[in-house]
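Chemist: Here you go, one structure.
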Amino acid sequence: MSETGTIGEALIAQGISRRSLLKYTGYLASILALPPMASRAMADALASAKRQSVIWLSFQECTGCTESLTRSFNPTIEDMIFNLISLDYQETLMASAGTAAEGAMQAARTANKGKYVLVVDGSVSTGAGGVYSTNAGKSNLETLKEVAADAMAVLSVGTCAAFGGIPMAKPNPTGAVPVSEIITDKPVINISGCPPIPEAIAGTVAYIITFGKLPDLDHLNRPKAFFGDSIHDRCYRRPFYDKGQFAKSFDDEGARNGWCLYEVGCKGPVTYNACATLKWNGGVSFPIQSGHGCLGCSEPGFWDRGGFYKPLSAAVMGNREIIGGAAVAGVAAGAASVALARKRRAAALAAQAAASAAVVTQEKTP
């Protein structure tokens with residue numbers, strides 16, 4: 001349950017200094033793409049703010065989004081729960097169960113009416129009135145409408161909640177839909193990914209607590225700080241793409257040399273997320289660094305895009321209804337640049353071969 005004390009008072013009680021708070025807010029300012037001086041304002045705001053009441057509902061999901069948050073390194077899950085937020089309901093993480101758990105949620109709703117943040121992971125079943133996914137004697141559809149009514153804002157965490165995800169993949173037997181299709185009368189922030197990056201979840205919540213407003217969002221209602229650039233734009237393999245150096249399979253010489261994974265299905269050019277910069281497991285790695293192409297899991301309809309291991313030009317061009325005309329145009333431009341890069345590489349190799357032949361001929365000439 002939310003406490004009356006401020007976050008600053010809780011930090012002091014735990015022996016956390018002002019210097020440590022400034023270091024933390026400096027990190028938050030950097031990942032949120034804010035100017036350095038914002039860290040001081042964030043520290044002041046956090047110190048005087050009360051812990052944010054959060055109610056977390058899980059619907060048609062795999063618990064991967066919750067697992068992702070528990071692996072947050074900055075801040076850690078302990079920091080989030082005990083210092084920044086009051087996690088008043090979360091089925092996986094809370095100790096209570098049954099009637100006691102549902103009572104805790106109702107108490108939090110009453111005490112923080114109009115002020116709590118509702119976090120949802122998982123898509124919402126609408127088929128047959130929502131009977132495919134229920135909890136506490138209610139369908140997810142009914143629960144979402146009821147709890148969202150008194151929320152300040154809704155965070156759709158993970159691609160299932162944000163865009164429907166795997167449950168909405170064809171043929172969609174449960175009638176799964178994203179949260180934003182049900183909740184249309186208040187702000188819905190999408191933090192997509194399968195699972196989403198934990199720092200994107202934590203950073204967004206910290207921003208709301210600090211500034212009392214929503215961060216800048218893109219056209220899909222995702223925080224621009226984390227979804228403003230494509231994987232391709234930030235990928236360390238981009239130079240190989242520009243040179244036309246592509247792995248043809250996952251075990252050929254190009255793959256062993258770290259060449260671009262475009263031709264084995266990487267969806268980085270049309271996927272927007274911070275994987276290439278924040279990475280995973282405390283900044284250790286991300287899929288492309290581990291040798292696997294991007295699946296495009298933070299984008300709408302990623303499961304139905306025509307094949308994870310087909311190049312974009314083949315897998316996406318026939319799916320205009322999924323990704324939209326602008327994205328198709330982007331893929332076409334990308335395919336053209338790939339073709340150009342291949343021609344340039346072929347020309348460079350031919351010139352290199354000709355130069356080598358000339359040297360050999362000169363050496364043989366008496």
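Chemist: Name every residue in region 282-334 that is farther than 22 Å from Val157 by Cβ, modelled with pLDDT of 85 or more and buried (at least 20 other Cβ atoms within 10 Å of the Cβ), in order of residue number.
Modeler: Ile288, Gly293, Pro311
Chemist: Follow-up question, since we're still on this one. In this structure, does Ser72 turn out to be at pLDDT below 85, farther than 22 Å from Ala13 by Cβ and out of contact with any strand residue (DSSP E or B) (no Cβ under 9 Å at 6 or more places or on another chain)?
Modeler: Yes.
Chemist: Before we move on, is Ala200 in the same structural domain as Ser58 (by TED's automatic domain parsing), modelled with pLDDT of 95 or more and not in a loop (DSSP other than H, G, I, E, B)?
Modeler: Numbers: in the same structural domain as Ser58 (by TED's automatic domain parsing): yes; modelled with pLDDT of 95 or more: no; not in a loop (DSSP other than H, G, I, E, B): yes.
Considered against the rule, which asks whether it is in the same structural domain as Ser58 (by TED's automatic domain parsing), modelled with pLDDT of 95 or more and not in a loop (DSSP other than H, G, I, E, B), Ala200 comes out as no.
Chemist: Applying the selection to region 128-139, what residues are of a type in the set (S, T, N, Q) and assigned to a strand (DSSP E or B)?
Modeler: The initial filter retains those residues of region 128-139 that are of a type in the set (S, T, N, Q), namely 133-135, 139.
Hits for region 128-139 are Thr134, Asn135, Ser139.
Chemist: How about region 140-185: which helices (runs of 4 or more DSSP H) wholly inside it have at least 2 residues that are without any contact (Cβ under 8 Å) to a residue 60 or more places away in the chain? If you could, list the steps in order and put the result at the bottom.
Modeler: Values: elements: 140-148, 159-163, 179-182.
Fully inside region 140-185 and qualifying: 140-148, 179-182.
Chemist: Under 7 Å by Cβ, and 6 or more places apart or on different chains, what pairs join a residue from region 241-263 that is at pLDDT 90 or above with one that is assigned to a helix (DSSP H, G or I) and of a type in the set (Lys, Arg)?
Modeler: What qualifies is Gln245/Arg345.
Chemist: If I filter region 211-263 down to residues being farther than 27 Å from Glu199 by Cα and among the acidic types (Asp, Glu), which single residue comes out as surrounded by the most Cβ atoms within 10 Å (Cβ to Cβ)?
Modeler: So the residue we want is Glu263.
Chemist: In addition: Among the helices (runs of 4 or more DSSP H) contained in region 205-271, which hold 3 or more residues that are closer than 24 Å to Phe308 by Cβ?
Modeler: Here the list reads 231-234, 238-243, 253-256.
Chemist: Another question, if that's okay. Among Thr92, Thr25, Thr110, which is farther than 21 Å from Val188 by Cβ, exposed (fewer than 15 other Cβ atoms within 10 Å of the Cβ), in contact with a helix residue (DSSP H, G or I) (Cβ under 6 Å, 6 or more places away or on another chain) and at pLDDT 80 or above?
Modeler: Details: Thr25 fails: exposed (fewer than 15 other Cβ atoms within 10 Å of the Cβ); Thr110 fails: in contact with a helix residue (DSSP H, G or I) (Cβ under 6 Å, 6 or more places away or on another chain).
On inspection, the qualifying residue turns out to be Thr92.
Chemist: Moving to a separate point now. Among the candidates Val154, Val147, single out the residue that is over 17 Å from Ala107 (Cα atoms), in contact with a helix residue (DSSP H, G or I) (Cβ under 8 Å, 6 or more places away or on another chain) and buried (at least 20 other Cβ atoms within 10 Å of the Cβ).
Modeler: After applying the criteria, what remains is Val154.
The values are calculated or read from the model by the stated rules, or taken from the named source; none is laboratory data. Keep in mind that this is a model prediction, so the values were computed, not measured. Positions of Cβ are generated from backbone atoms using ideal geometry, with glycine treated the same way; all protein chains shown enter the neighbour counts.
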